[in-house]
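Each remark here refers to the structure printed beneath this line.
The values are calculated or read from the model by the stated rules, or taken from the named source; none is laboratory data. Because the structure is predicted, anything quoted here is derived from the model rather than measured. Here the Cβ positions follow ideal geometry from the backbone for every residue, glycine too, while neighbour counts run over all protein chains shown. Ligands, DNA and RNA are excluded from the accessible area calculation, which covers all protein heavy atoms including side chains. Shrake-Rupley method; radii C 1.70, N 1.55, O 1.52, S 1.80 Å.
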Amino acid sequence: MFRLDGKTALVTGAGFGMGAGIARALARQGARIIVNDIDPARADAMAQELAQNGHTAIGIPFDVTDMAAVRTAKAEIAAQFGTVDILVNNAGNAGAGRFAQMKFADMTPEDWEPFIAVNLTGVLNCTNVFLPDMCQRKWGRIITISSDAGRIALPIGVSVYGAAKAGAAHMMRHVAVEVAEHGVTANAIALGHMNTIGEPFASQIIPTIPMGRLGTPEDAAAAVVFLSSDEAGWVTAATIPVNGGGPAI
């Protein structure tokens, strides 16, 4: 089950962290991997790691917030791999910048623009560019990495980040019903607190997680593999929490 042989997967923001874990898992299931990252060195290093482990992978760096760059990347991918079967919209956080937690009343448009750009506009750009070919081929999978911050209110200074994540997840629902007749699914995964957070926040948050630990790239990747597979062909327009039993509202 859950084999992806013959499929090509583009994972954005896959040079490290959650995206790297997702790329490794999809590759183990037989998919050809396009490693995207805004940092060319990270994209190339991850693609080389996959290739050294016997997988087919290339690194294609581009900024998901730049529509022209996404279109150029599509042409490059077409020349090397053909079309994209699986799109994982993973690039997020604050893009290439620092993730600054701030109360909304203290923010300026300059503060919130990076969150909107990468977590919402980037998803719109990539989905818009790669979706039509999926519809034409009558098969495709779009998985957007969202967050519990997009499902519930959190008092930790992530309001705009949460708003962008919620917008991207809800956009998946609309896309899903628009393209269902073409055999394309669109879903989101709402991640809880992951092991990318540092101290002292990690020590404070772990006791609030019923399973008693932070999430890992492997936790996120397993859900992505399922949603990418033929077996998940009747799962669409969903936002699936992957959060260790975190807030269930």
Requested in this report: Scan Ala78, Ala47 and give me the residue that is among the hydrophobic types (A, V, I, L, M, F, W, C), assigned to a helix (DSSP H, G or I), over 18 Å from the mean Cα position of the chain (by Cα) and farther than 18 Å from Gly122 by Cα.
Outcome: Ala78
Query raised in the report: Which pairs have Cβ atoms under 7 Å, sit 6 or more apart or on different chains, and link a residue in region 116-130 that is touching a residue at least 60 places away in the same chain (Cβ under 8 Å) to one that is of a type in the set (Val, Ile, Thr) and part of a helix (DSSP H, G or I)?
Result: Asn125/Val70; Cys126/Val70; Val129/Val70
Report task. Sort out which residues of region 182-202 are under 19 Å from Asp148 (Cβ atoms), of a type outside the set (Val, Ile, Thr) and surrounded by fewer than 21 Cβ atoms within 10 Å (Cβ to Cβ), and write them in order of number. Result -> Met194, Asn195, Gly198, Phe201, Ala202
Query raised in the report: Quick check, is Ala31 under 26 Å from Ala222 (Cβ atoms), in contact with a helix residue (DSSP H, G or I) (Cβ under 8 Å, 6 or more places away or on another chain) and open to solvent by less than 20 Å² (accessible area, probe 1.4 Å)?
Result: yes
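Is it the case that Ala190 is modelled with pLDDT of 95 or more, farther than 22 Å from Gln29 by Cα, of a type in the set (A, V, I, L, M, F, W, C) and over 14 Å from the mean Cα position of the chain (by Cα)?
Taking the combined requirement at face value, the residue does not satisfy it.
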Query raised in the report: Before we move on, is Gly21 open to solvent by less than 50 Å² (accessible area, probe 1.4 Å), within 16 Å of the chain's Cα centre (by Cα) and on the phi > 0 side of the Ramachandran plot?
Result: no
Report task. Scan (1) touching a residue at least 12 places away in the same chain (Cβ under 8 Å); (2) surrounded by fewer than 22 Cβ atoms within 10 Å (Cβ to Cβ); (3) farther than 18 Å from Thr121 by Cβ for the single condition Asn93 breaks and write down its number. Result -> (3)
Report task. Give just the number: which of (1) open to solvent by less than 50 Å² (accessible area, probe 1.4 Å); (2) more than 26 Å from Ser147 (Cβ to Cβ) does Gly54 not satisfy? Result -> (1)
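Residues to consider are Asp148, Asp133, Asp85, Asp111; find the one that is among the acidic types (Asp, Glu) and touching a Lys or Arg at 6+ places or on another chain (Cβ under 6 Å).
Asp85
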Query raised in the report: Hey, does region 62-69 have a residue that's touching a residue at least 40 places away in the same chain (Cβ under 8 Å), under 16 Å from Glu218 (Cα atoms) and either part of a helix (DSSP H, G or I) or more than 18 Å from the chain's Cα centre (by Cα) (or both)?
Result: no
